[in-house]
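Just below is one structure, and these are the notes that go with it.
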Amino acid sequence: MMGEPSHWVRRWAHLAQPGGSALDVACGHGRHMAWLAAQGFQVNGVDRSAEAVQAASAHGMCLQADIENAPWPLIEQGAPRQFDLVLVTNYLWRALFPTLLQSLAPGGLLLYETFATGNENVGKPSRPDFLLQPGELLRLCGELTVVAYEAGFLSRPERFVQRIAAIAPARLALGEDSPARYPLSLE
């Protein structure tokens, strides 16, 4: 059975390009893919579990890949394929973060929500490798425009999390080889 989509995702997904492309990283059985598809997004997912990929494929394009031990599978013209929305929930692999940021289209939205330090006191995951340190998600998103950020304890189910909604800089091409970057205004 698929769970409900994250409140964080439902709250902030409207900031992404309507009808745009979305990537759900470590998508599991596709709870977010199903919800995003219902909102009109062109959804894509990636997960290492064959069972999860089979289930999630009902909601969009889904790829089975071990993103921790193999090259990033979503490459176009030698660089990570870009999406209007990149979504990650309940998953942390720090080495992947630069690729996730490169996967954001200009003006694209990153929605990230995962476990944080303190979670070891209430359940799993409890290993530091899988828990964000205080302020870590903000630091990792340093070049993005942060729209919302929360860190703390949630009671249902009990867990410590950090979550962020952040927008990639838009690019204004001045010439073929020299894109200028400027922050996206939310006004």
How many residues are part of a helix (DSSP H, G or I) and under 16 Å from TRP93 (Cα atoms) if we restrict to the stretch 116-147? 8
Note on the stretch 61-108: residues touching a residue at least 24 places away in the same chain (Cβ under 8 Å), aliphatic (A, V, I, L, M), assigned to a strand (DSSP E or B) and farther than 23 Å from LEU132 by Cα are ALA105
Filter pass, GLY78 being under 20 Å from GLY108 (Cα atoms), of a type outside the set (Asp, Glu) and at pLDDT below 95: yes
Does the stretch 144-159 contain at least one residue that is modelled with pLDDT of 95 or more, among the hydrophobic types (A, V, I, L, M, F, W, C) and surrounded by 15 or more Cβ atoms within 10 Å (Cβ to Cβ)? yes
Any residue in the stretch 122-133 that's on the phi > 0 side of the Ramachandran plot: show its pairings with residues that are basic (Lys, Arg) and at pLDDT 90 or above at Cβ separation under 7 Å, as long as the two are six or more apart or on different chains. GLY123/ARG159
How about the stretch 148-163: which of its residues are under 19 Å from TRP93 (Cβ atoms) and touching a residue at least 60 places away in the same chain (Cβ under 8 Å)? ARG163
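Give ALA58, ALA13, ALA37 a once-over and let me know the one that is free of Cβ contacts under 8 Å to residues at least 40 places away in the same chain and assigned to a helix (DSSP H, G or I).
Residue meeting the stated conditions: ALA37.
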Being crowded, with 18+ Cβ neighbours inside 10 Å, among the basic types (Lys, Arg) and closer than 28 Å to GLU4 by Cβ, is that true of even one residue in the stretch 87-98? no
Mind counting the residues in the stretch 16-34 that are assigned to a helix (DSSP H, G or I), surrounded by 24 or more Cβ atoms within 10 Å (Cβ to Cβ), free of Cβ contacts under 8 Å to residues at least 40 places away in the same chain and not aliphatic (A, V, I, L, M)? 0
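The values are calculated or read from the model by the stated rules, or taken from the named source; none is laboratory data. Predicted model, so just to flag it, every value in this text is computed and none were measured. We place every Cβ from the backbone using ideal geometry, glycine too, and count neighbours over all the protein chains shown.
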